[in-house]
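Undergrad: Can you keep this structure in mind? I'll have questions shortly.
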Amino acid sequence: MSDAVKLTCLACEQTNRVPLARIGEGPKCATCGAPLVAGKVAEIDLRTHDKATRTDELPILIDYWAPWCGPCRMMAPEFARAAAALAGKTRFAKINTEDFPEISSRLGIRGIPLLILWHRGREVARLPGARPAAEIERFVRDRLRLPA
Ligand code: ZN
């Protein structure tokens, strides 16, 4: 039986197991103490990206962006608002494709911003282009069949 979910700490990359019932209680990483389910956007590197997308048992929505991209910067506050709205349901992170260009070629990313929703080691769906918070939230709820 498994009433706990595997979560990669988005700060230190350590794997944590969190009982599902505790997801809403502000669980912290056993190694570094960072909140595991913060309702905020975590800036991640390639190693953390790969671990979280391959092993996490709570959905994670990742923003593939770059500092030179105007629409990316415009979307950032919208993405943060959606992260707060979906706290405990889906974790939010962003990765700078300028710092980690290999991620763009591996995932076949031709334009940014691009959002990819991941769950249990597989890609669930992509949402290209800058979007308002409500649209990002609806995209996640639809794809995960969460009640509105
Ligand atoms: Zn940690």
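The values are calculated or read from the model by the stated rules, or taken from the named source; none is laboratory data. Not measured: the values here are computed from a predicted model. Glycine gets a Cβ as well: all are built from the backbone with ideal geometry, and neighbour counts include every protein chain shown. The protein model used for the area step is the full one, side chains on, heavy atoms only, and it has no ligands, DNA or RNA in it. Shrake-Rupley method; radii C 1.70, N 1.55, O 1.52, S 1.80 Å.
Undergrad: Is it fair to say L146 is on the phi < 0 side of the Ramachandran plot and assigned to a loop (DSSP other than H, G, I, E, B)?
TA: So L146 passes the test.
Undergrad: Let me ask something else. Give me the pairs, please: first residue somewhere in the range 70-84 and open to solvent by 30 Å² or more (accessible area, probe 1.4 Å), second residue anywhere and among the hydrophobic types (A, V, I, L, M, F, W, C), beta-carbon distance under 7 Å, and either six or more positions apart or on two chains.
TA: If the second residue must be among the hydrophobic types (A, V, I, L, M, F, W, C), the pairs left are P71/A130; M74/A130; E78/A133; E78/I136; A80/V41; R81/A133.
Undergrad: OK, next. Within the range 12-42, how many residues turn out to be within 11 Å of the ligand (Cβ to nearest atom) and not in a loop (DSSP other than H, G, I, E, B)?
TA: Residues meeting the conditions: 5.
Undergrad: C9: at pLDDT 95 or above, hydrophobic (A, V, I, L, M, F, W, C), within 8 Å of the ligand (Cβ to nearest atom) and loosely packed, with under 15 Cβ neighbours inside 10 Å, yes or no?
TA: No: the conditions fail for C9.
Undergrad: A further question follows. Among the candidates E43, E25, which residue alone is closer than 17 Å to W118 by Cβ and open to solvent by 20 Å² or more (accessible area, probe 1.4 Å)?
TA: E43
Undergrad: Okay, next question. Are any residues in the range 93-133 among the aromatic types (F, W, Y) and out of contact with any strand residue (DSSP E or B) (no Cβ under 7 Å at 6 or more places or on another chain), and if so, which ones?
TA: Within the range 93-133, just F100 meets the criteria.
Undergrad: Determine whether G88 is in contact (Cβ under 8 Å) with a residue 12 or more places away in the chain and in contact with a strand residue (DSSP E or B) (Cβ under 7 Å, 6 or more places away or on another chain).
TA: no
Undergrad: Could you give me the residue pairs with C-beta distances under 9 Å whose first residue belongs to the range 109-122 and is free of Cβ contacts under 8 Å to residues at least 40 places away in the same chain, whose second residue is of a type in the set (S, T, N, Q) wherever it lies, and which are 6+ apart or on separate chains?
TA: R110/S104; R122/T53
Undergrad: Among what's in the range 51-78 and is within 16 Å of the ligand (Cβ to nearest atom) and either of a type in the set (K, R) or outside any loop (DSSP other than H, G, I, E, B) (or both), pick the residue that is farthest from R141 (Cα to Cα).
TA: Of everything passing the filter in the range 51-78, K51 is farthest from R141 (Cα to Cα).
Undergrad: Does the range 51-68 contain any residue that is under 20 Å from L10 (Cα atoms) and in contact with a Cys (Cβ under 7 Å, 6 or more places away or on another chain)?
TA: So far as the range 51-68 goes, yes, one or more of its residues are under 20 Å from L10 (Cα atoms) and in contact with a Cys (Cβ under 7 Å, 6 or more places away or on another chain).
Undergrad: Name the residue, out of T31, T15, T8, that is β-branched (V, I, T) and closer than 25 Å to I109 by Cβ.
TA: T8
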